[in-house]
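Presented below is the structure to which this report refers.
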Amino acid sequence: MKLLEGKVALITGATRGIGKGIAEMYAQHGAKVAFTYAGSVDKAKELEATLSSVTQIKGYQSDASDYDAAQKLVEEVMAEFGQIDILINNAGITRDNLLLRMSKEDWDTIMKVNLDSVFNLTKAVIKPMMKAKSGSIINMTSVVGISGNAGQANYAASKAGVIGFTKSVALELGSRNIRCNAVAPGFIETEMTAILDEKKVQEWRDGIPLKRGGKPEDIANACVFLGSEMASYITGQTLNVDGGMLT
């Protein structure tokens, strides 16, 4: 059963890892997909070529942390697709370091990319959603935003901010039939984790109740649910997809 038939989704940072997994899963469930990328032109074209036989898809080179660029992006997506039913704020980076050694630039960059981008895209997309009296906004946070983590004060703060933002937007826009939820991934195995020391990775797996790392499709499945009518009475929530890590 295709849960997203007839819907248009805008996904930020979709050329690799979790974002790519969401784009692929959304296409399988019938959604038309607009996605953003920073510099990976080849990967963007590859994703378009792979999914174009399944659904309407288009990539936009856009910086989600740039307020004006986010406004322009939404205008272009509306012109191309005619609607935006689902926004997935997935773009994010890490700049890990102990607080004693963390630079002001490392702090500012993380806040700009991980938190400002969520404000920028949400601010831009709520106008067409309010006009349509419908919409689902899904913000990618992290279990680190809930638990904290040594060496990630900047990242944890940005992701905790996403949770607070999500709850506030849900309260503001619920009367307009616009839902806003967050997904908090745990340890998700992607090409980025593939370069890590296998012994260390196995230690992380052993510490998870389900005894494995997550896959991008695990996060994508949660996003399909939250974007679909199956979640029509769910808003302001943070869904942990972490194998029981924070249980």
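Bear in mind that the values in this text are calculations on the coordinates, not laboratory data. All values reported here derive from a predicted model rather than from experimental measurement. Here the Cβ positions follow ideal geometry from the backbone for every residue, glycine too, while neighbour counts run over all protein chains shown.
Miscellaneous remarks
- Shown is the FRET efficiency for Trp204 and Lys104, computed with R0 = 30 Å from the Cβ-Cβ distance and rounded to the nearest 0.05: 0.50.
- Between amide H atoms placed 1.01 Å from N, distances below 5 Å from Leu87 occur with Leu10, Ser136, Ile137, Ile138, all of them 5 or more places distant or on a separate chain.
- 3J(HN,Hα) along segment 134-145: 6, x, 9, 10, 10, 9, 7, 10, 6, 4, 5, x Hz, from the Karplus curve 6.51 cos²θ - 1.76 cosθ + 1.60 with θ = phi - 60°, whole Hz, x for Gly and Pro.
- Mean projection area, nm², convex hull over Cα of the chain: 13.2
- Ordered by the count of other Cβ atoms within 10 Å of each Cβ, fewest first, Val41, Val74, Val33 give Val41, Val74, Val33.
- Part-to-part distance (alpha-carbon centres) for segment 1-64 and segment 175-237, which is given in Å: 18
- Once exposed loop GluC sites (Glu not before Pro) are cut out (DSSP; at most 16 other Cβ, 10 Å), longest piece of the chain: 6-190
- Pair Ala49, Gln61: separation of 7 Å Cα→Cβ label points (nm): 1.7
- The simple Förster model, with R0 at 35 Å and r as the Cβ-Cβ distance, assigns Asn177 and Asp197 a FRET efficiency of 0.15.
- Folded to 0 to 90 degrees: helix 67-81 orientation relative to the chain principal axis, Cα: 50
- Ellipticity estimate at 222 nm from DSSP helix runs (n ≥ 4, -39,500 (n - 2.57)) divided over the chain, nearest 500: -13500 deg cm²/dmol
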